Amino acid sequence: MTEKRNIVIKIGSALLANQDLLTPRFGFLQRLLEDVMRLRSQGYQVILCSSGSVALGLRMVGETPETAGVSDKQAAAACGMPLLLNAYKQVGHEYGIEIAQVLLTLGDFEDHRRFLNTRNTVHRLLEADIVPIINENDSITTEEIRVGDNDRLAAKVAQMVGAQDLVILTGVDGLYDRNPDDPEAQFVPEVTDVSDYMEATKGKSTLGTGGMATKLQAANMAQEAGCTTWIAQGEVDRPLSAVLSGERRSTKIIAHENPLSGWDSWIANRLQMAGSVVVKDTVFDTMAERKRAVRREDIISMDGDFTRGDVLHIYDKQGVERARGLSDFTSEEIRVLVSNPEAEAEKLLGYRTKGEIIRGANLVPLETRHLLWDAPAAIAEEATGLGG
């Protein structure tokens, strides 16, 4: 392998922490990092997205996965992160692997400047032949401002670094067409459209925060960025290289042949909804060619409180999401503009502006390959009324 190939590995909590003792599983870490060493010798640049800090810290704060509340989990994350990093450090030293910790929050992905700064840090670590171990900063995040699962976090990291491969290691050998407990469940070796299987992905692990649904959401985000995803059992020898070589069973979610650009991928692949607007159907007639911006006269209604530079989800009158785009105004400014359609935008806002809510260059139409987001309740109700 002549060129460096970026690969992101996501490891679930159940693989890293003993479910009963809530202690590090050193046997798994040895198998994992031995395989990381093997991939690095083949020319891969490896980034780990590792769960486990909360699980490893629960015992120290006197809680269990069943009893822990938000503040308990935040405290457990603070206690468990040194344990997790120490375990990686100990085992990594055996294989000549240097590691670095990168803790991220939702804002590091959703704010473009912070996104680029984080990307620069990760690239610099890779240049120094150091393996970044990335996790959400669970000790400071709350439900309102957190990513919520490391599956989608890993997909955003894959997008960030331009990875060609994303391997999600979990407790099952891949995707099934229904609950794997069903005796008639059939294994799915390859997927092009993840939406075909979203209904078959209910449930989540005891220690983790995500189930198969978040893994497919992550795979869809990776597809958009031109990254192929594998979902595979982690509790085996050579958990990574055997998957990439096709030597053992896994589910492969194939990257799109024509991925979005880095800018469009950042706009289209969101972790949380900052705000949304319903626009007239005529807006979508020329949206695919980006011949026009979304203007204030196009907006029928809106939902959410957001700021300039946030990405808005754009719905038609039937409540179907059709696009995502970068807002040039705050939610308050848009309300002022929409409420006063005859007044000049400059006079209303007090500064020079064309009054375009979303510029054409910052607008990404959603194709059938995207997983669409349900409209917020207020917009869904209004859409029902409009449709009637």
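The values are calculated or read from the model by the stated rules, or taken from the named source; none is laboratory data. Not measured: the values here are computed from a predicted model. Neighbour counts are summed over all protein chains in view; Cβ atoms, including those assigned to glycine, are modelled from backbone coordinates with ideal geometry.
On the given criteria, is residue 96 assigned to a loop (DSSP other than H, G, I, E, B) and in contact (Cβ under 8 Å) with a residue 12 or more places away in the chain? So residue 96 passes the test. Of all residues in the stretch 310-329, those being of a type in the set (S, T, N, Q) and surrounded by fewer than 17 Cβ atoms within 10 Å (Cβ to Cβ) number 1.
A search for C-beta distances below 7 Å between a residue of the stretch 232-244 that is assigned by TED's automatic domain parsing to the domain that holds residue 170 and closer than 16 Å to residue 13 by Cα and any residue that is in a loop (DSSP other than H, G, I, E, B) and among the hydrophobic types (A, V, I, L, M, F, W, C), counting only pairs 6+ apart in sequence or on different chains, returns 233/172.
Report the residue count in the stretch 304-316 for those that are assigned to a loop (DSSP other than H, G, I, E, B) and closer than 15 Å to residue 376 by Cβ. Give the steps one after another, and end with the answer.
Quick first cut of the stretch 304-316, residues assigned to a loop (DSSP other than H, G, I, E, B) only: 304-310, 316.
Among the residues that remain, those that are also closer than 15 Å to residue 376 by Cβ are: 304-306, 310, 316.
Selection size over the stretch 304-316: 5.
Annotation: residue 166 fulfils all but one of (1) over 20 Å from residue 217 (Cα atoms); (2) part of a strand (DSSP E or B); the unmet one is (1).
Among the residues of the stretch 339-355, none qualifies, meaning not one is touching a Gly at 6+ places or on another chain (Cβ under 9 Å) and among the β-branched types (Val, Ile, Thr). Considered as a group, the residues in the stretch 276-303 that are part of a loop (DSSP other than H, G, I, E, B) and touching a residue at least 40 places away in the same chain (Cβ under 8 Å) include one that is nearest to residue 348 (Cα to Cα), and that residue is 293.
Among the conditions (1) at pLDDT 95 or above; (2) under 24 Å from the mean Cα position of the chain (by Cα); (3) surrounded by fewer than 19 Cβ atoms within 10 Å (Cβ to Cβ), the only one that residue 111 does not satisfy is (1).
From 371, 337, 349, which residue is at pLDDT 90 or above, over 14 Å from residue 299 (Cβ atoms) and more than 25 Å from the chain's Cα centre (by Cα)?
Values: 371 fails: more than 25 Å from the chain's Cα centre (by Cα); 337 fails: over 14 Å from residue 299 (Cβ atoms).
349 is the lone residue from the list that is at pLDDT 90 or above, over 14 Å from residue 299 (Cβ atoms) and more than 25 Å from the chain's Cα centre (by Cα).
Against the conditions (1) surrounded by fewer than 21 Cβ atoms within 10 Å (Cβ to Cβ); (2) over 26 Å from residue 36 (Cβ atoms); (3) within 17 Å of the chain's Cα centre (by Cα), residue 183 satisfies every one except (3).
Is it true that some residue in the stretch 87-97 is basic (Lys, Arg), within 22 Å of the chain's Cα centre (by Cα) and at negative phi?
Taking the stretch 87-97 as the starting set, the residues that turn out to be basic (Lys, Arg) are 89.
Retained after the next criterion (residues that are within 22 Å of the chain's Cα centre (by Cα)): none.
There is no residue in the stretch 87-97 that is basic (Lys, Arg), within 22 Å of the chain's Cα centre (by Cα) and at negative phi.
Answer with yes or no whether residue 348 is surrounded by 15 or more Cβ atoms within 10 Å (Cβ to Cβ), touching a residue at least 12 places away in the same chain (Cβ under 8 Å), assigned to a strand (DSSP E or B) and of a type outside the set (Ser, Thr, Tyr). For residue 348, the condition - surrounded by 15 or more Cβ atoms within 10 Å (Cβ to Cβ), touching a residue at least 12 places away in the same chain (Cβ under 8 Å), assigned to a strand (DSSP E or B) and of a type outside the set (Ser, Thr, Tyr) - is not met. If you check 118, 141 for being farther than 19 Å from residue 219 by Cβ, β-branched (Val, Ile, Thr) and out of contact with any strand residue (DSSP E or B) (no Cβ under 8 Å at 6 or more places or on another chain), only one passes: 141. Regarding residue 236, is this residue closer than 27 Å to residue 149 by Cβ, surrounded by fewer than 21 Cβ atoms within 10 Å (Cβ to Cβ) and over 25 Å from the mean Cα position of the chain (by Cα)? It is true that residue 236 is closer than 27 Å to residue 149 by Cβ, surrounded by fewer than 21 Cβ atoms within 10 Å (Cβ to Cβ) and over 25 Å from the mean Cα position of the chain (by Cα).
Conditions tested, residue by residue: (1) closer than 22 Å to residue 157 by Cα; (2) free of Cβ contacts under 8 Å to residues at least 24 places away in the same chain.
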| site | (1), (2) |
| --- | --- |
| 18 | no, yes |
| 24 | no, no |
| 30 | no, no |
| 44 | yes, no |
| 48 | yes, no |
| 53 | yes, no |
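State yes or no: is residue 332 more than 21 Å from the chain's Cα centre (by Cα), modelled with pLDDT of 95 or more, assigned to a loop (DSSP other than H, G, I, E, B) and exposed (fewer than 15 other Cβ atoms within 10 Å of the Cβ)? No; evaluated as a whole, the condition is false for this residue.
Just name the residue that is surrounded by the fewest Cβ atoms within 10 Å (Cβ to Cβ) out of those in the stretch 247-261 that are in contact with a helix residue (DSSP H, G or I) (Cβ under 8 Å, 6 or more places away or on another chain) and either among the β-branched types (Val, Ile, Thr) or in the same structural domain as residue 372 (by TED's automatic domain parsing) (or both). Here the residue is 254.
For the stretch 219-275, the set of residues classified as of a type in the set (Phe, Trp, Tyr), assigned to a strand (DSSP E or B) and farther than 16 Å from residue 168 by Cβ is empty.
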